[in-house]
Each structure stands twice: as C-alpha cells, then as structure tokens.
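Student: Here's a structure for you.
The values are calculated or read from the model by the stated rules, or taken from the named source; none is laboratory data. No experiment lies behind these values; they were computed from the predicted model shown. Note that we place each Cβ from the backbone using ideal geometry, even for glycine, and neighbour counts take in every protein chain shown. To get the accessible areas, we keep the full protein, side chains included, count just its heavy atoms, and leave off ligands, DNA and RNA. Shrake-Rupley method; radii C 1.70, N 1.55, O 1.52, S 1.80 Å.
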Amino acid sequence: MNRMLKKIVTLAGVLVLLLALAAPAYAADAEAAEDSNPTGVKAIAVGIAIGVAAAGGAFSMGSATAKAAESIARQPEADGKIRTTLMLGLVFIETAIIYALLAAILIIFVM
C-alpha cells in the first residue's frame with residue numbers, strides 16, 4: 001500500500017508542476033498572445049509527450065525486469081520461458097515509446 005501511495009503522490013506532484021508551468025501562458029496579455037510563436041508551444045508539447053512516454057516506458061521496463069529476475073530466482077528451471085516472455089513484453093513497451101516519438105514528430109512537422 002505504501003508503494004501505491006508514493007506513486008499517487010508522485011503523479012500529483014507532476015501534475016501540479018505542469019499546471020504551475022502552464023500558468024504564465026494564461027497570464028499573457030492579448031498583444032503577446034497574437035505575437036506568440038506556435039513553434040515554441042509545439043516544442044513544449046513535444047517535450048512533455050516524449051518525457052511522459054520515456055518515463056512511463058522506463059518505469060515499466062524496470063518493473064518487468066525486476067519481476068522477471070524474481071521469477072527466475074524462484075523457478076530457475078523456467079528461465080527460458082520467462083526470458084522469452086520478458087523480451088516480448090519489453091519489445092511491446094518500446095514500441096509504445098516509439099509511437100509516442102512518431103506522434104511528437106507529427107506534432108512538429110504537420111500541425
């Protein structure tokens with residue numbers, strides 16, 4: 001239960017930080033809003049998207065690797081099946097991160 005509480009507190013802290021960083025954008029006057037550069041806003045959006053995807057992927061990969069190591073320690077005779085399943089899961093996690101990168105590239109060049 002303590003681990004879940006840490007995750008919730010961390011997520012809440014990240015959300016508060018994001019909202020605090022977005023506050024100056026809402027405080028801009030009308031003239032500054034007309035002259036704003038959309039490329040800068042895209043860069044911030046892309047940075048946040050890639051950061052969240054990489055952090056989520058890193059957490060997932062670390063958790064999966066830890067659980068696989070525990071499983072191999074408990075049942076050494078099943079190490080081949082555990083490693084195969086681990087590698088397949090890591091590939092899927094990495095694919096999700098690459099999709100986030102592709103979405104970020106689309107945000108930069110298409111929108």
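Student: Is it the case that some residue within the stretch 26-35 is open to solvent by 70 Å² or more (accessible area, probe 1.4 Å), out of contact with any helix residue (DSSP H, G or I) (no Cβ under 6 Å at 6 or more places or on another chain) and modelled with pLDDT of 65 or more?
Tutor: No, the stretch 26-35 contains no residue that is open to solvent by 70 Å² or more (accessible area, probe 1.4 Å), out of contact with any helix residue (DSSP H, G or I) (no Cβ under 6 Å at 6 or more places or on another chain) and modelled with pLDDT of 65 or more.
Student: Please verify whether the stretch 40-60 includes one or more residues that are farther than 23 Å from K7 by Cα, touching a residue at least 60 places away in the same chain (Cβ under 8 Å) and basic (K, R).
Tutor: Checked the stretch 40-60: at least one residue is farther than 23 Å from K7 by Cα, touching a residue at least 60 places away in the same chain (Cβ under 8 Å) and basic (K, R).
Student: Another question, then. Taking interchain pairs and intrachain pairs at least six residues apart, which have beta carbon atoms under 7 angstrom, with the first residue in the stretch 89-109 and touching a residue at least 24 places away in the same chain (Cβ under 8 Å) and open to solvent by 50 Å² or more (accessible area, probe 1.4 Å) and the second part of a helix (DSSP H, G or I) and of a type outside the set (A, V, I, L, M)?
Tutor: Matching pairs, first to second residue: E94/G57; A96/G57; I108/K42.
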